């Protein structure tokens, strides 16, 4: 689908930062439809607790599509408790091969406090280098900022917040109204 046919595709920034004994996922609150800001306080970072195991997920893309993926991920996590990577790979396989799921326009960053992964509709489950993952329209800005801040004394949350502030200053589809969730390793 061409970008001009899907105006909601550009509209968020999600970052995951893993440093010391903490993993943080932060997301902005802006929902855009084309060039219009529809909402400034959406929650694009969610805590999932399948089987009592905490997992944090952040999403970029279509909200309805992301919720479909989050429900599927939660089911995979319930089937494979404590195995985030395996559940993520199973979700990616389904996403890649199921004709209904193939049409979904979203990406996820997930963590269980140990692993930090990006799940894409191309069937990829990626473990980012340098312990930083970012997706969405401002993702590259946030990624560059966080990578530069990783050598600082800041903890994972401070790095994520500063990187998101930089992304919000640069990307018109990203705002500074953050949802931040963290899990100790």
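Things to note:
- Residue 153 passes every criterion in (1) without any contact (Cβ under 8 Å) to a residue 40 or more places away in the chain; (2) in a helix (DSSP H, G or I) apart from (2).
- For region 50-64, the candidate set comprises residues that are in contact with a helix residue (DSSP H, G or I) (Cβ under 8 Å, 6 or more places away or on another chain) and at pLDDT 85 or above; within that set, the residue that is farthest from residue 112 (Cα to Cα) is 60.
- Residue list for region 12-22, restricted to those being touching a strand residue (DSSP E or B) at 6+ places or on another chain (Cβ under 8 Å), assigned to a strand (DSSP E or B) and surrounded by 19 or more Cβ atoms within 10 Å (Cβ to Cβ): 13, 14, 15, 16, 17, 18
- Consider region 95-106 and keep the residues that are over 21 Å from residue 139 (Cα atoms) and crowded, with 16+ Cβ neighbours inside 10 Å. The one that is modelled with the lowest pLDDT is 101.
- Residues that are more than 19 Å from residue 118 (Cα to Cα) and touching a helix residue (DSSP H, G or I) at 6+ places or on another chain (Cβ under 9 Å) were ranked within region 23-49; the one that is surrounded by the most Cβ atoms within 10 Å (Cβ to Cβ) is 30.
- Residue 72 meets the stated requirement of being free of Cβ contacts under 8 Å to residues at least 40 places away in the same chain, surrounded by 15 or more Cβ atoms within 10 Å (Cβ to Cβ) and assigned to a helix (DSSP H, G or I).
- Condition check for residue 91: surrounded by 21 or more Cβ atoms within 10 Å (Cβ to Cβ), in a strand (DSSP E or B), within 16 Å of the chain's Cα centre (by Cα) and touching a residue at least 12 places away in the same chain (Cβ under 8 Å): no
- Region 30-62, residues that are under 12 Å from the mean Cα position of the chain (by Cα) and closer than 14 Å to residue 179 by Cβ: 43, 44, 45, 46, 47, 56, 57, 58, 59, 60
- Inside region 39-69, residues that are touching a strand residue (DSSP E or B) at 6+ places or on another chain (Cβ under 6 Å) and not in a helix (DSSP H, G or I) make up a count of 17.
- Sole residue being touching a strand residue (DSSP E or B) at 6+ places or on another chain (Cβ under 9 Å), more than 24 Å from residue 65 (Cα to Cα) and modelled with pLDDT of 95 or more, chosen from 170, 109, 159: 159
The values are calculated or read from the model by the stated rules, or taken from the named source; none is laboratory data. Remember, it's a predicted structure, so these values are computed and weren't measured experimentally. Every residue, glycine as well, gets a Cβ built from its backbone with ideal geometry; the counts of neighbours run over all protein chains shown.
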